[in-house]
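Just below is one structure, and these are the notes that go with it.
The values are calculated or read from the model by the stated rules, or taken from the named source; none is laboratory data. Keep in mind that what you see is a predicted model, and the values were worked out from it rather than measured. With ideal geometry, Cβ positions are generated from the backbone for all residues, glycine too; neighbour counts draw on all protein chains shown.
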């Protein structure tokens, strides 16, 4: 009987002043039981009518060594049945003069084992990582703070140079904050450092499509441990462009680039508006500026500072020290100087 059923009986005495003796005769509940309910209600209110849990709930009176023995047998490979564990434990208890646990007690000990520990013991570390390891979900707070790059095989067939149909590969460069596709390349054959470099160059440089304004240099490039991403060519390029190259943990698919499955890198919905850092009163931008007047209303909603990298006070050529930094249309210029483009 729960607290609600007890109160339904006791309220006739508390509210309607029905004697407890009469309630005992009409409800078939003992008088001493009703008196005990009434005393608990006067002391603790409605909560006093709840069934009190035992102080030793959840604990077992078995020796700790016996509990550890049952857990060890349950975690052994191949995992034995509960009946097999109970039979082995019964024989050991008889030899060591321990109390013999019942089948239900053995089943309860096995049932309450930590699922992560069971997976680690029976299926190995790789299965434990896939099922129970915490995954670091991180996202850049600003555009250009971190780019991610990865490859995926497209679900289409194209005719190669040998006349045979083949599935092409797609390499994309994604901005982690805006999820915009900054650059991509489609090719046949296995991914290579050259294809990755082509996608990175397109991501950094101005686009011919005015509806795709993404360009510039990121602070961090996050990639996996493929041979093309660990190549010396990509490492040297990152050093020259002052890009921090971060590789994911080996054999850990969690947390890598989320570019797999992206099949529309040039879709306008992927492209955030371009920042306008021109000083007030500037009559117009550079004649070759890739951003047309049609996107001018978007510019004011975009933060002028779109990266955590500290802007340099030096001119682009001196600050970057690379051939592309000396160009009057430097893709980094709107981050370092308002005099360029």
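Residue under question is residue 200, and the condition is that it be part of a strand (DSSP E or B), in contact (Cβ under 8 Å) with a residue 40 or more places away in the chain and in contact with a strand residue (DSSP E or B) (Cβ under 8 Å, 6 or more places away or on another chain); does it hold?
Values: part of a strand (DSSP E or B): no; in contact (Cβ under 8 Å) with a residue 40 or more places away in the chain: yes; in contact with a strand residue (DSSP E or B) (Cβ under 8 Å, 6 or more places away or on another chain): yes.
No, not satisfied.
At pLDDT below 90 and more than 18 Å from residue 151 (Cβ to Cβ): which single residue out of 210, 191, 253 fits that description?
After applying the criteria, what remains is 210.
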Quiz item: Within the range 169-179, is even one residue out of contact with any helix residue (DSSP H, G or I) (no Cβ under 7 Å at 6 or more places or on another chain), in the same structural domain as residue 230 (by TED's automatic domain parsing), loosely packed, with under 12 Cβ neighbours inside 10 Å and assigned to a strand (DSSP E or B)?
Solution: no
Exercise. Being exposed (fewer than 12 other Cβ atoms within 10 Å of the Cβ), farther than 30 Å from residue 129 by Cβ and in contact with a helix residue (DSSP H, G or I) (Cβ under 8 Å, 6 or more places away or on another chain) narrows it down to one of 99, 115, so name that one.
Key: 99
Quiz prompt | Flag for residue 54 being in a helix (DSSP H, G or I) and either touching a residue at least 60 places away in the same chain (Cβ under 8 Å) or not assigned by TED's automatic domain parsing to the domain that holds residue 112 (or both) | solution = no
Exercise. Go through the range 110-125 residue by residue and tally those that are touching a residue at least 12 places away in the same chain (Cβ under 8 Å) and either over 14 Å from residue 76 (Cβ atoms) or touching a strand residue (DSSP E or B) at 6+ places or on another chain (Cβ under 7 Å) (or both).
Key: 3
